[in-house]
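The values are calculated or read from the model by the stated rules, or taken from the named source; none is laboratory data. Note that the coordinates shown come from a computational prediction; the quantities given were computed from them, not determined experimentally. Every residue, glycine as well, gets a Cβ built from its backbone with ideal geometry; the counts of neighbours run over all protein chains shown. Heads up: the accessible areas ignore ligands, DNA and RNA and are worked out on the full protein's heavy atoms, side chains in. Shrake-Rupley method; radii C 1.70, N 1.55, O 1.52, S 1.80 Å.
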Amino acid sequence: MTMSLRNTVLAALSVVPTVHSAAGNTAAPVLCARADCAGDPACTCDLLQEALTGVNATVFLSDGANYVDFEDENYSADCAGDPACTCDLLQEALTGVNATVFPSDGANYVDFEDENYSAACRLPAACIVNPKTADEVSTVVKILSQQGTKFAIRSGGHNYIPGFASIGEDGILVSLEALNSTELSGDKTTAKIGPGNRWQSVYETLVPEGLIVVGGRVGRVGVGGLMLGGGLSYYATDRGLALDNVKSYEVVLANGSIVTATANNSYSDLYKGLRGGATNFGIVTSYELYTFPVGEFYIDARSYSTNQTSELLQAMAEYQKEGQLDPLSSISLQVVGTGANILLLYNKPVQQADAFNAFYNLGSYTPILPAFNGSFLDILTLTGAQFSTSDVRTYGETFTHEADGDMMVALYAIFQEEIANLPVGAAGVWVPNPIAASVATKGQQYGGNLLGLEEVAQQWYEWYITWTDSTQDETIWNISQNITQRCTAATKAKGVSLPYLFMNTAGKSQDVLDSYGAANVANIKAVAAKYDPSKVFQNLQNDGFLIRKL
């Protein structure tokens, strides 16, 4: 039977509940003296239910997950891991415009491929599938699992490690961008947010309602990857990381079942696992986040010259000692070859905020625009200018240390020495993120996570390099390794190194899960073993921060 004919038959049969014996095996045909159903499947199902006895003798669509388990048999064609064959199955199983997109679709395929932020991650998947609902994600997972076909999962595609949210022609890219709804609860205390959203869209829905959630700092970044990796926001000091503010996760597991995990239901272990365990358990199709009121911010964007960088880094360390104790304050700093840009934010309309005195005392600066009181959407306008969807390739890594001004200055000097070796056309960006001790505290207060954070003021780095020539890839990655190794060694030599690695900005060879500590790793392994016993997300997922690497 051809695949198309086979699936046509299966589609017709799918309206009739699968009939199983009490032992779970398909029963022999049932011969009935009564023939008054005239072909009506619902009527016939009732007859079968009367004729057969025992557990699961007749299973109906209304039986939910139990029905799904039996329905799995619908995708038993033997593709033996062949991506082209599996793409054909997916094309027949999913309906709608762009449900399955092939390289042969030309410009349309390129548009989907280009959603990956870094050009180095735009790999030629055998096909890109775009499920629109959790049920369709379930169908995709079941087909991939049963055919043994490699895959990668992408929400916004901002991860800049090739192969994590991308895959070559030996596999299938599962794009979640069509799962892009943002729905407020009736009482407006939570919002269910699809992983394919960009944070810009989320905020444009919530801010006019006077509400916001703990999410990304840049509008173009996708929801899914940020939420699973931790999620640093402008509210981190006051409310912890984005993953600390999840009420529930809707998850498609390896067997295709769809479950909702909360802190208090029967999937509470999965809920805890997703607060650090990334893509090791399933595909999250919805994040229910707590909302809270949002008003105007004090917004002050400044630029400093290159000869002020050391003073600026020392000012950041001073801010962490005093100013960051005010939970309404937040800063974002980028150092590039022409100088440093800093964004000072205060979650209240004021003329100036004492929390930023360390920066006010620096003296001369160039205002990127005059300080003003504006909305959260105004902040996104400022931060969004630094991101583009051009052919720029991007790669970076991370490391962590206790807050220390002299250390910060020394580390930036190492970075400068290394990027001096960059090939023509490449450039480096240094981004030290000041993290308050309260980020770890809030994580514990909000139910705990698996990151292993220490309750001390610290720095999380997200430095990166940009370039356009693919022949320079290996050179760039080698320089990146040197930067991380030298900086990590320097922090250890001074006794200020911390083990935690921030997943959202980590590099391809960094042991992120190990950095969480042995107990948390054991927890992640246990949850994965329970919810993915066949190791679908270990054996078939192309790459990622996976326990198979431990």
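Taking the residues in the stretch 300-322 that are buried (at least 22 other Cβ atoms within 10 Å of the Cβ) and in contact with a helix residue (DSSP H, G or I) (Cβ under 6 Å, 6 or more places away or on another chain) as candidates, determine which candidate is nearest to Gly544 (Cα to Cα).
Leu313
Please go through the stretch 484-503 and pick out each residue that is part of a helix (DSSP H, G or I), surrounded by fewer than 22 Cβ atoms within 10 Å (Cβ to Cβ) and among the aliphatic types (A, V, I, L, M).
Within the stretch 484-503, Ala489, Ala490, Ala493 meet the criteria.
Working only within the stretch 67-81, note down all residues that are surrounded by 14 or more Cβ atoms within 10 Å (Cβ to Cβ) and at pLDDT 65 or above.
If the condition is that a residue be surrounded by 14 or more Cβ atoms within 10 Å (Cβ to Cβ) and at pLDDT 65 or above, then Tyr67, Ala77, Cys79, Gly81 are the ones that fit.
Can you tell me which residue within the stretch 283-298, out of those that are of a type outside the set (D, E, K, R) and surrounded by fewer than 23 Cβ atoms within 10 Å (Cβ to Cβ), is nearest to Pro434 (Cα to Cα)?
Here the residue is Tyr298.
Counting only residues that are touching a Phe, Trp or Tyr at 6+ places or on another chain (Cβ under 9 Å) and open to solvent by less than 40 Å² (accessible area, probe 1.4 Å), give me the helices (runs of 4 or more DSSP H) lying completely in the stretch 328-442 with at least 3 of them.
376-384, 405-419
Report yes if Gly544 is outside any helix (DSSP H, G or I), of a type outside the set (Asp, Glu) and closer than 24 Å to Ile258 by Cα, otherwise no.
Spelling it out, Gly544 is indeed outside any helix (DSSP H, G or I), of a type outside the set (Asp, Glu) and closer than 24 Å to Ile258 by Cα.
Condition first: out of contact with any helix residue (DSSP H, G or I) (no Cβ under 7 Å at 6 or more places or on another chain), open to solvent by less than 40 Å² (accessible area, probe 1.4 Å) and polar (S, T, N, Q). Can you find one or more residues in the stretch 169-182 that meet it?
no
Can you tell which of Ala489, Ala493 is more than 23 Å from Gly428 (Cα to Cα), out of contact with any helix residue (DSSP H, G or I) (no Cβ under 9 Å at 6 or more places or on another chain) and small (Gly, Ala, Ser)?
When all the criteria are applied, what remains is Ala493.
Could you say which residue among Gln538, Gln481 is touching a residue at least 24 places away in the same chain (Cβ under 8 Å), assigned to a helix (DSSP H, G or I) and either open to solvent by 30 Å² or more (accessible area, probe 1.4 Å) or aromatic (Phe, Trp, Tyr) (or both)?
Gln481
Between Val213, Val251, which is within 22 Å of Phe545 (Cβ to Cβ) and of a type outside the set (S, T, N, Q)?
Val251
Could you please give the count of residues in the stretch 164-183 that are in contact with a Leu (Cβ under 9 Å, 6 or more places away or on another chain) and within 26 Å of Ser201 (Cα to Cα)?
Within the stretch 164-183, residues that are in contact with a Leu (Cβ under 9 Å, 6 or more places away or on another chain) and within 26 Å of Ser201 (Cα to Cα) number 5.
Examine the stretch 460-467 for a residue that is in contact with a His (Cβ under 6 Å, 6 or more places away or on another chain), open to solvent by 10 Å² or more (accessible area, probe 1.4 Å) and polar (S, T, N, Q), and state whether such a residue exists.
Within the stretch 460-467 (the criterion being in contact with a His (Cβ under 6 Å, 6 or more places away or on another chain), open to solvent by 10 Å² or more (accessible area, probe 1.4 Å) and polar (S, T, N, Q)), the answer is no, since none of the residues qualifies.
Here's the yes/no breakdown for (1) under 29 Å from Glu177 (Cα atoms); (2) surrounded by fewer than 18 Cβ atoms within 10 Å (Cβ to Cβ); (3) at pLDDT below 60:
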| site | (1), (2), (3) |
| --- | --- |
| Met1 | no, yes, yes |
| Arg6 | no, yes, yes |
| Thr26 | no, yes, yes |
| Cys43 | no, yes, no |
| Glu113 | yes, no, no |
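Can you tell me which residues in the stretch 186-215 are within 23 Å of Tyr234 (Cβ to Cβ), in a loop (DSSP other than H, G, I, E, B) and more than 18 Å from the chain's Cα centre (by Cα)?
Passing the criteria: Lys188, Thr189, Gly210.
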